[in-house]
Each structure stands twice: as C-alpha cells, then as structure tokens.
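Computed from the coordinates by the stated procedures, all read-outs in this text should not be read as laboratory data. Please read all numbers here as calculations on a predicted model, not as lab measurements. A quick note on method: Cβ atoms are made from the backbone with ideal geometry, for glycine too, and the neighbour counts reach across all protein chains shown.
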Amino acid sequence: MTPEIIEQEIIVTPGIPQRTFADLNLSDEILQAVTEMGFVHPSPIQAEAIPPILAGRDVIGQAQTGTGKTAAFGIPAINMIDVAERHPQVLILCPTRELAVQVSEEIRKLSKFKRGIRIEAIYGGDSIDRQIKSLKTGVHIVIGTPGRVMDHMERRTLKLDNVRMMILDEADEMLDMGFRDDIESILEDMPEERQTILFSATMSKPIMTITQRFQKDPVLVKVVRNELTAQNIEQVFFEVKPKAKVEVMCRLIDMHNLNLLLVFCNQKKRVDEIVEDLQVRGYQAEGLHGDLRQAQRNNVMSKFRSGVTNILVATDVAARGIDVDNVDAVINYDIPLDEEYYVHRIGRTGRAGKSGKAFSLVGKDEKYRLREIQNYTKVRIEKGVIPSFEDIVGLRKARFIEQVKQSIETSTDLNLYDDLLTALHHSGFTTEQIVSALVKRGMGIEKNEFSDQNLGHDDDRRERKEGGSRFGDRGGRGESTGRFGDRSRGESGSRFGDRGGRSEGPSRFSERGTRGESRFGDRERTPRFGAREEGRKFERDDNRAPREQEANMTRLFVSVGRRDFIRPGDIVGAIAGEANIPGSSIGHIDIFDKHTYVDVPRDVANRVVDVMEGNTIKGKRVQIEVAR
Ligand code: AMP
C-alpha cells in the first residue's frame with residue numbers, strides 16, 4: 001500500500017547493488033566496523049535507505065529481518081551521535097526483548113570504533129535498577145521495548161528532550177502486540193524537531209496512520225516481493241493429512257539431512273505438542289512461544305544458536321527477531337494465516353548467499369491458503385513427493401554402510417571386543433545372527449502406524465491408484481520422479497537386495513528408519529523414549545470397541561489417563577525405562593480419560609507389572625495390572 005502522502009518511493013530491486021559502503025558517505029569509524037563485520041556491499045535496503053536517513057529525511061523502510069535492516073537504520077543513527085553530549089539522542093523501539101538485544105548487539109558492533117559511544121537496551125524482565133544506573137551515567141542510543149520505555153519515562157529515568165532520531169523497528173509487530181497506545185504516548189512526548197524512521201515488514205492501514213501522524217514527508221524504501229521470497233530458497237509443498245504431519249516432517253528431515261531448522265505453526269498450544277512429538281522420536285527440538293519467561297527464551301535460543309538443539313518450533317510472533325544464520329530449512333507445519341507471515345518465515349533460511357529450503361505441509365483445508373500465498377508472492381511453490389519409508393531405509397542403509405566402512409578403515413583397535421563375540425558364540429549364536437542383531441540395533445529401525453499410503457490426502461491415493469499424479473507421486477512405492485525424495489527404488493532395492501521391512505499396503509505399522517543413527521552430524525542419538533507415535537492417534541473414546549490384541553502381547557491396565565495429561569510418550573518412556581525393555585517392543589496404547597491400556601510383550605509383562613506397580617508416571621502414582 002502506497003498512500004498518497006508519500007511522494008517519494010524507492011523500490012529496492014533484487015541483486016547485489018553496485019554501490020560500496022564507501023559510496024555512502026560514512027565516517028571512517030563506521031567503514032572500519034562494517035569491514036570488520038565482513039560486510040562487503042551494502043544490502044539493497046541499506047544502499048537505498050541510508051542516504052535519505054543521513055540527509056535528515058524521515059524514512060519508511062519496508063523490509064523484514066534478514067535484509068540488513070538493522071544496519072540500515074543503525075549506521076545513520078551511530079553517525080549522528082555526538083558523544084560529547086551525554087544524553088539519549090536516538091531512541092529505538094522494538095517489539096520484543098529479544099529483538100531489542102539483537103539490535104543493540106548489532107549497533108554495538110557497528111559502533112565499535114566510535115570512541116565513547118554508549119548504547120543500552122532496556123526491556124522488561126531485566127533489572128530496572130541496573131537499567132536506571134546505566135541510563136544515569138549517560139547513554140547515547142537507547143533501544144527498548146515500548147512498555148519498559150514508558151516505565152522509565154514515568155519514573156523520569158529516561159528523558160527524551162534531546163532525542164533527535166526516533167526509530168520504530170518492526171512497527172507492524174509492535175502494533176499487533178498491542179503497543180499502539182504506548183508508541184503514540186512516546187512519540188507525543190518527544191521533541192517536534194526530530195527525525196522519525198519506521199521499519200515494518202508490512203504496510204497495513206494502522207502503520208500508515210502512524211506514519212501520517214508522526215512522520216514528515218517520508219521517503220518509502222521498499223524491498224520488492226521477489227526479493228523477499230528469495231530466489232535461493234527452494235519452496236516445496238507436501239499434501240499431508242493433519243495427523244501425519246510430524247511423520248512427514250521427520251521423513252523430510254532425514255531425507256534432506258537437515259541440520260538446523262525452524263518449524264512454524266499457527267498456535268502456541270501446538271508448539272509444545274510438536275516439540276514433544278519430535279522429542280519422542282529422538283529429535284533435539286525445543287519450542288518458543290509467547291508464554292515463556294525471558295530466561296527460558298534466552299536458554300532456548302542459545303541452545304539453538306550453539307547447535308545443541310537442532311529444531312526450533314515457534315509461532316510467528318514468538319519467532320520475531322530470531323536472527324540465526326545457517327538455518328537449512330524452514331518447515332511450515334501449518335500454512336500461515338497471513339501471506340506476509342509466509343514471507344517472513346521462509347526468509348529465515350537461505351541467508352547470506354546460502355541456499356535454503358522451505359517445506360510447507362498442507363492439509364486439505366489449507367490448500368486455498370497456499371494458493372493465496374502463491375498469488376501474493378508470485379512464486380510457484382512446487383508440489384513435492386513425500387519420501388517413502390523405503391527411501392528413508394535406503395538412505396539409512398547407505399549411511400550405515402559408510403559408517404561401518406569408515407570404522408573398519410580407520411580403527412586401529414578393531415579387535416578390542418573380540419571377547420564379546422566369543423562370549424556370544426558360546427551362548428549359541430552364529431556370527432550371522434550376531435551381526436544381524438547389531439545391524440538392526442545400529443539402524444534403529446522403529447515401527448509406527450504410518451504406512452506410506454497413510455500420509456497424504458485421500459485424493460492422492462486415488463490418483464495413485466489411477467496411475468500416479470501429475471507430479472509423479474509414487475504412492476509410497478519408492479519410484480520417485482519428483483524433485484524431492486529422489487532415492488529410487490533401484491538404488492535402495494538393488495544395492496541392498498531387500499525391501500527394508502517395508503510394509504506392503506495399509507497396515508497398522510510401517511517401519512520407520514529414523515532413529516539410532518543421527519541425522520545430526522552422525523552423533524549417536526539416543527531417543528528419550530523408545531519412541532512411539534503421535535499421541536493423539538492412540539487415544540480414542542471410551543465407548544469405542546477395544547482393539548484386538550496381538551499374539552504374544554499382554555495388555556496391561558494402567559490407572560492414569562487423559563485427565564492426568566498422559567501421552568503415549570509418557571507410557572512408553574516410563575515402561576521402557578523402568579522395565580529396561582526397548583520402547584519399540586511396546587505395542588498399542590489406548591489412552592482413556594482415567595486409565596490406559598498398553599500392550600507389552602508377553603514374556604516381560606510380569607516384570608513390567610512388578611517394576612511399575614506403585615511407581616509414578618508424570619508424577620502420578622500408578623496401579624498397573626494385567627487387563628481383564
Ligand atoms: P537484519 O536484517 O538487520 O536482521 O540483518 C540480518 C543479518 O545480516 C545480520 O546478521 C547482519 O549482521 C547481516 N548483515 C547486515 N548487513 C549486511 C551486509 N551489508 N552484508 C552482509 N551481511 C549483512
């Protein structure tokens with residue numbers, strides 16, 4: 001939206017601008033800093049926004065995180081500071097504490113060679129006394145969240161009389177978060193003679209109202225859309241049944257060997273569910289949502305930044321300001337409700353000239369939203385093929401063989417455990433049996449209830465039956481012709497001479513090959529639980545007929561259920577851990593309101609009852625017995 005009041009509009013076009021930082025008329029101190037930060041060329045938004053800001057104009061920058069917007073306003077802000085005047089000259093408002101910290105860090109780096117400059121971030125959750133002390137000693141650039149800034153203004157510990165530049169960062173987000181009144185009060189309290197810079201990813205009506213009220217003759221610098229939806233991001237969607245989304249996500253992670261990824265969902269209550277489902281499957285996932293305290297947020301973020309956590313699950317609002325490079329992929333667990341959100345989400349990957357992937361898991365009722373996004377971004381999002389179980393097994397086998405080869409070739413003490421082999425021979429096992437058992441353990445193949453046919457939309461299945469879809473969907477048979485999942489059956493089949501335990505046709509379980517071996521740098525990953533499937537699918541109404549029991553399994557009654565917030569992972573974790581049996585050996589779990597039925601192998605049933613009786617699950621003491 002370009003309102004009439006804006007007379008000057010600069011459209012920032014994609015590509016590396018021809019300008020250099022030296023062309024921008026910056027002080028030597030700043031040039032030295034950008035060089036040290038490794039910036040070679042100004043980003044498009046910097047090249048176009050810095051000159052008018054330096055010239056004293058009010059500017060609206062339509063740009064999102066990842067475009068270099070912080071330096072676009074940070075550089076001119078630093079440039080105009082007179083260090084001899086020891087009071088706030090620039091005020092930057094940010095929607096979240098996290099963003100305030102990030103902005104202050106970036107500005108600190110940019111001002112490294114400007115001697116005597118003082119920068120302070122003030123935000124809720126941090127000690128106000130410490131902030132007051134710091135403000136008293138004379139700060140030049142204050143970066144704060146609206147609430148805390150107001151707080152300091154009311155205490156008169158922050159005076160804005162000498163502020164000459166006011167910057168609103170992620171203004172749309174601040175409005176969305178309900179800071180409108182605070183922002184208006186702050187702006188009203190500032191000197192008339194000032195420069196007002198507003199950065200926003202979207203130009204909504206409320207944003208335009210703010211600019212009309214508080215900016216003078218602003219220049220609009222706008223990053224065009226095809227730059228927002230960067231070319232180096234491979235965008236693919238998968239049609240997935242809602243209950244199969246986690247399964248499909250795991251297959252994609254395995255298939256593409258994704259190391260660092262962001263998973264977005266629309267509701268904060270979903271965040272915890274997805275995290276739990278991923279953790280249960282042995283992935284290092286953590287969640288970020290608005291209910292976390294600042295310390296928790298910092299903890300989650302620092303684990304993600306350092307790679308301890310590979311997967312960050314977040315809502316759009318909570319993810320605002322996350323600034324992590326090297327994100328391999330963004331997965332849209334849900335399709336966002338707003339097209340701009342899609343652009344924001346996928347902009348987290350494919351940064352700094354690297355390529356990235358954006359995978360969208362589309363439920364049937366989300367298809368229209370995907371269409372809207374494509375219309376909006378003018379980018380065609382390709383339909384992808386869900387990797388089949390066989391694809392994953394093939395991949396794991398190839399990786400396994402690589403690892404074994406490497407161990408044989410590089411180990412100098414391969415004979416170290418020969419005595420174990422001898423001991424197992426003495427127990428009556430053949431070498432072949434032992435090797436097979438070890439391979440099985442190493443491959444970590446697990447069973448779950450998802451067959452390949454059970455992942456996509458029903459009409460996909462029909463398409464397959466009728467001879468395959470337009471996109472070459474292979475209906476779980478492994479012959480991939482799509483852009484993704486190009487592990488052909490030929491490769492995994494002929495190379496290994498077996499079909500990897502794939503279940504033919506719809507079955508309760510299909511084997512999955514996603515554990516034991518790490519997707520993450522070949523570290524051995526030990527699942528927290530002997531993982532089972534997504535909780536909800538095991539739950540059912542009390543009035544449904546009990547399932548048929550499998551041979552060799554004994555059904556146990558456990559005195560906790562849904563109202564104790566029990567999920568399948570809790571049952572599997574407790575039983576597998578306490579009775580020391582593999583989680584994968586545990587069968588059906590039916591969770592009812594007040595109790596749960598779980599199938600365990602017949603030969604360990606008594607042991608399970610013995611160790612679990614009177615034990616606790618999720619903090620609740622349980623009674624357990626063989627079900628009648
Ligand atoms: P931002 O859009 O401000 O969140 O910036 C995203 C990332 O790009 C940050 O890590 C910046 O340090 C980095 N960055 C900003 N400007 C440039 C530039 N001109 N060249 C390379 N990296 C940059």
In Å, the C-alpha Rg and Dmax of segment 568-621 are 10.3, 28
1/(1 + (r/R0)^6) with r = Cβ-Cβ of Ala22 and Glu154, R0 = 51 Å, i.e. FRET efficiency to nearest 0.05, evaluates to 0.70
Taking the dipole of segment 328-458 about the Cα centre (Lys, Arg +1; Asp, Glu -1; charges at Cβ), the one of Phe400, Ser355, Ser388 that reaches farthest to the positive side is Ser355
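Which peptide among 374-386, 255-267 comes first, and what is the full order, when sorted by highest mean count of other Cβ atoms within 10 Å? Present the calculation step by step, with values, prior to reporting the outcome.
Numbers: 374-386: 17.6, 255-267: 20.3.
The packing order, highest mean first, is 255-267, 374-386.
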Asp217 and Ala295 label points (each 7 Å along its Cα→Cβ direction) are spaced in nm at 5.2
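Let me know the shape class of segment 8-227, please: from the alpha-carbon gyration tensor, a ≥ b ≥ c as square roots of the eigenvalues, rounded when a/c is under 1.5, otherwise prolate if a/b is greater than b/c, or oblate. Please list the in-between numbers first.
Details: a/c = 1.70, a/b = 1.20, b/c = 1.41.
Taking the square roots of the gyration eigenvalues as a ≥ b ≥ c, segment 8-227 is oblate.
Counting only Cα atoms, I'd like the Rg/Rh figure for segment 389-443, Kirkwood definition for Rh.
Details: Rg = 13.4 Å, Rh = 12.7 Å.
Value, to two decimals: 1.05.
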Mean Cβ-within-10 Å packing, highest first, puts peptides 620-628, 87-95 in the order 87-95, 620-628
Extension length gain for Glu578 and Val626 (0.36 nm per residue less Cα distance), in nm, is 15.6 nm
Glu382 and Lys367 label points (each 7 Å along its Cα→Cβ direction) are spaced in nm at 2.1
The alpha-carbon center of segment 18-79 and that of segment 95-173 are separated, in whole Å, by 20
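Going by average Cβ density within 10 Å per residue, which order do the peptides 66-75, 579-588 take, highest to lowest?
Details: 66-75: 25.8, 579-588: 18.8.
Top to bottom by mean Cβ count within 10 Å: 66-75, 579-588.
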With 0.36 nm assigned to each residue of separation and the Cα-Cα distance removed, Thr137 to Ala55 gains 26.5 nm
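If you put +1 on each Lys and Arg Cβ and -1 on each Asp and Glu Cβ, how big is the dipole of segment 331-426 around its Cα centre, in Debye rounded to 20?
Details: 16 positive and 15 negative charges, 136 e Å.
The calculation lands at about 660 debye.
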Here, Asp272 and Arg305, labelled 7 Å along Cα→Cβ, have an inter-label distance in nm of 2.7
